[in-house]
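Input: a single structure, listed below in structure tokens.
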Amino acid sequence: MEKKQFQAESKRLLEMMINSIYSQKEVFLRELISNASDAIDKIYYRALTDDSLTFNKDSYYIKIDADNENRTLRISDTGIGMTKEELETNLGIIAKSGSLAFKRENEIKDGHDIIGQFGVGFYAAFMVSDVVTVVSKALGSDQAYKWESEGTEGYTIEPAVKDSVGTDIILKIKENTEEEQYDEYLEEYRLKEIIKKYSDFIRYPIKMDITQRSLKEGSENEYDEYKEEQTINSMVPIWKKNKSELTDEDYANFYTEKHYGFDKPLKHIHISVDGTIRYNAILFIPENIPFDYYSKEYEKGLELYSNGVLIMNKCADLLPDYFSFVKGMVDSEDLSLNISREMLQHDRQLKLIAKNINKKIKSELKILLKNSREKYEEFFKSFGRQLKFGVYNDFGANKETLQDLLMFYSSNEKKLVTLDEYVSRMPEDQKFIYYAAGESVERIEKLPQVELVADKGYEILYFTEEIDEFAIKMLMNYQEKEFKSVSSGDLGIEEETNDKDEETSKENQELFAAMKDVLAGRVKDVRASKRLKSHPVCLASEGDISIEMEKILNAMPDSQNIKADKVLEINPSHEVFQSLKKAFNSDKDKLNLYTNLLYNQALLIEGLPVQDPVEFTNDICKVMI
Ligand code: ADP
């Protein structure tokens, strides 16, 4: 019999499959089952317009049979079948659009990308088999045909005997190698597992004869083995069901079944859209942070189904980074049938879905914030950091979207509050949204810099996470109110006793100048403080980089030793100030000592390391003796 050659492009794809080092070879089954399901669909659609055909759902199914002895795996369907010509053109040539067409040569390599993301259809069978045989009888035809191929050498077609319409695909499973256990594709439990994983929601039953055991009659420990036909897939996916039919528990079970997490979902979002683009989605906000969430290993993404067939495990394009914690799946008919081939043309659809989903997540989070405050706070404690990163990243492109979802700890409320809540209760004379940055709430509460703002009764937002101040700098303002750090040079608070302050400053100009000399290169200025009430000293910063930011930037691996412009503020009403004055007038060494001490104290209060701890302790001793 004549051996026919594959088309060049098909041959290349075939070679790729045969030599594939792709780790998930199991997807071959998904591809063959989805072809089988498509073939049944075709009869179904034909019956819609052809009166001579009736579609009785019960007679359509897919059957999987493993024969261990002969090392064959058979996938049969009762679909539309293929004529001789169709066998030639469909299996001998890569179909019309061609999987390879959209991938440039250098992107193919071992085919990892194509297989992983789009699937390659029928040829995937060659990843696990030495010989592939297709016996098919087309609808309306009397004669069946057998197509057979051992790979790149070509294929043969000859007449065959087959009673019913449909297609049988018989794979001669490869022998085990050192690296690869092909045997598993003949094992019942493994096949079941693969079917469940990828094809659970195929609309037609996928049947298998499953081995059962029953006690032998009259025996207590001897069993009879027999086969029983079972349907492996559940067929109706939960996302196609009506929301009103489903309970929280159903969603929670789905979450667990799908291995979205070990926790329970904090909230589920079920979307069914039937407009210009049609899709169903079930999304979850996890209760706990996945252990690798804030690491590089974490991969965001949603499962993507095309009409019930899993195409991609983690479609990253469906989620923006700031919602990367969302788990779940999307199923769309509009990405259907030939997604593998025409994915890129459909890209616009995917983008639309992504945009839609993004909006929905945001609005659902807002609803959660409004109606279930406690739950929202729980959510925010886990994933708020990601939202703040979202505000900061991409040069603030998403800040408008996210600003209303942010929360910070409030000095007055002693709990998390939103920016809207803060602004809505600002007294009329308050010009800024005040914040204080530090390691923890307890630390910030003790910061000398908060004194004046707190005394004024103004609410202060506590920034305890590294990203906070960076995010807020990106935000710049909220409802036209600017953010201001309590450590910044000018607090924008009118002080009643200005005249007196000015006098103090003038009077002590020389003293401050002398102190500045002592601290040359370490601080930009030394001044009388307006904000200190009971504390003797503090550091303030001028310019864009705050002291807190300096700490964070310098803790990064490739830090550039960035410094904030620091100002040492001295409280003129504190007793220490009198000692400073005295020293300035009579004992320059003492002034030197006091200045260094005060500077180091201010560093400690800020949580910055003192420059020379030995010198610092020596200095303290000098004051003691
Ligand atoms: P795709 O399914 O992405 O078009 P495949 O390589 O998987 O690409 O299949 C090529 C074609 O072969 C299909 O489009 C279909 O026309 C035909 N085909 C494959 N499997 C079957 C089957 N079980 N029954 C009928 N036709 C099939």
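Taking a Cβ cut-off of under 14 Å around residue 419, the surrounding Lys, Arg, Asp and Glu residues balance to a net charge of -3, with basic ones at +1 and acidic ones at -1. Evaluating 6.51 cos²θ - 1.76 cosθ + 1.60 at θ = phi - 60° for every residue in the stretch 269-280, the Karplus couplings come out as 10, 10, 10, 10, 10, 10, x, 4, 10, 10, 7, 10 Hz, glycine and proline recorded as x. Spin-label model, residue 213 to residue 415: label points 7 Å out along the Cα-to-beta-carbon direction sit 5.8 nm apart.
So for the stretch 398-494: antiparallel DSSP bridges make up what percent, rounded to the nearest 5? Walk me through the intermediate numbers first.
On the way: 7 of 15 bridges.
For the stretch 398-494, the DSSP antiparallel bridge percentage is about 45.
Accessible surface for residue 620 stands near 60 Å², nearest 10, in the context of the full protein assembly shown (1.4 Å probe).
Which loop GluC sites (Glu not before Pro) in the stretch 177-286, with loop taken from DSSP, have no more than 15 other Cβ atoms within 10 angstrom of their Cβ?
Loop-located and lightly packed - 178, 179, 180, 187, 217, 220, 222.
Applying 0.36 nm per residue to the separation of residue 374 and residue 556 and subtracting their alpha-carbon distance, the gain on full extension is 62.1 nm. Computed from the Cβ-Cβ distance with R0 of 30 Å, the FRET efficiency linking residue 348 to residue 24 stands at 0.60.
Computed over the chain, relative contact order equals 8 percent, with contacts defined as Cα pairs under 8 Å that lie 6+ residues apart. With a cut-off of 9 Å between beta carbons, the residues surrounding residue 539 carry a summed charge of -1, where Lys and Arg count +1 and Asp and Glu -1. Compute the label zone of residue 244 within the stretch 262-293: residues whose backbone N is under 18 Å from the point 7 Å along Cα-to-Cβ. Once the point is set 7 Å along Cα→Cβ of residue 244, 270-274 turn out to lie under 18 Å by backbone N, inside the stretch 262-293. Computed 3J(HN,Hα) for the stretch 612-621, one whole-Hz value per residue from the Karplus formula 6.51 cos²θ - 1.76 cosθ + 1.60 where θ = phi - 60°, is 9, x, 5, 4, 4, 5, 4, 4, 4, 4, glycine and proline marked x. Pairs over the 32 Å Cα-Cα cut-off, from the set 327/431; 25/351; 530/588: 327/431. Structure note, pairs 243/381; 300/381; 174/196; 355/414; 207/300; 196/216: Cα-Cα distances above 26 angstrom occur for 243/381; 355/414; 207/300; 196/216. Here the chain is assigned +1 on the Cβ of each Lys and Arg and -1 on the Cβ of each Asp and Glu. Its dipole about the Cα centre then comes out at about 1120 debye.
Return the lysines within reach of residue 563: Cα separation strictly under 16 angstrom, same-chain partners fewer than 8 residues apart disregarded; answer none if there are no such residues. Partners within reach: 524, 551.
In summary, the chain shows an alpha-carbon radius of gyration equal to 1.40 times the 2.2 N^0.38 Å reference for compact globular proteins. Accessible area per residue for the chain, computed on protein heavy atoms with a 1.4 Å probe, is 51 Å². I need the calculated FRET efficiency for the pair residue 57 and residue 278, taking r as the beta carbon distance and R₀ as 25 Å, to the nearest 0.05. Calculated transfer efficiency: 0.70. Database remark: amide H of residue 525 closer than 5 angstrom to the amide H of 568 (H placed geometrically; neighbours at sequence offset of 5 or more, or on other chains; Pro and chain starts carry no H). Add +1 for every Lys or Arg and -1 for every Asp or Glu among the other residues with Cβ under 9 Å from the Cβ of residue 173, and state the total. So the surrounding residues net to 0. Extension gain for residue 423 to residue 8 (0.36 nm times residue separation, less C-alpha to C-alpha distance): 142.6 nm.
Evaluated over the Cα positions of the stretch 398-494, the convex hull gives a direction-averaged projected area, one quarter of its surface, of 5.9 nm². For residue 3, the aspartates and glutamates whose Cα falls under 14 Å of its own Cα, not counting residues fewer than eight places away in the same chain, are 88, 148, 150, 153, 158. Along its principal axes, the stretch 171-260 has C-alpha extents of 48, 45, 24 angstrom, given from the largest down. The aspartates and glutamates whose alpha-carbon is closer than 19 Å to the alpha-carbon of residue 582, local same-chain residues fewer than 8 away aside, are 503, 507, 510, 517, 569, 619.
Calculate what fraction, in whole %, of the accessible area of the stretch 398-494 sits on carbon and sulfur atoms when a 1.4 Å probe is rolled over the protein chains.
The computed percentage sits at 43.
Per-residue ellipticity at 222 nm, computed for the chain from helices alone with -39500 (n - 2.57) per DSSP H run of at least four residues, works out to -11000 deg cm²/dmol. If the segment from residue 256 to residue 476 were pulled out straight at 0.36 nm per residue, it would be longer than the present Cα-Cα gap by 75.1 nm.
Counting other Cβ atoms within 10 Å, which chymotrypsin sites (Phe, Trp or Tyr not before Pro) in the stretch 361-392 have at most 10 and lie in a DSSP loop?
Here no chymotrypsin sites (Phe, Trp or Tyr not before Pro) fit, given the DSSP loop and packing criteria.
The values are calculated or read from the model by the stated rules, or taken from the named source; none is laboratory data. What you see is a predicted model; the values in this text were computed from it and never measured. Backbone-built Cβ (ideal geometry, glycine too); neighbour counts: all protein chains shown. Just so you know, the surface numbers come from the protein's heavy atoms only, side chains and all, with ligands and any DNA or RNA stripped out. Shrake-Rupley method; radii C 1.70, N 1.55, O 1.52, S 1.80 Å.
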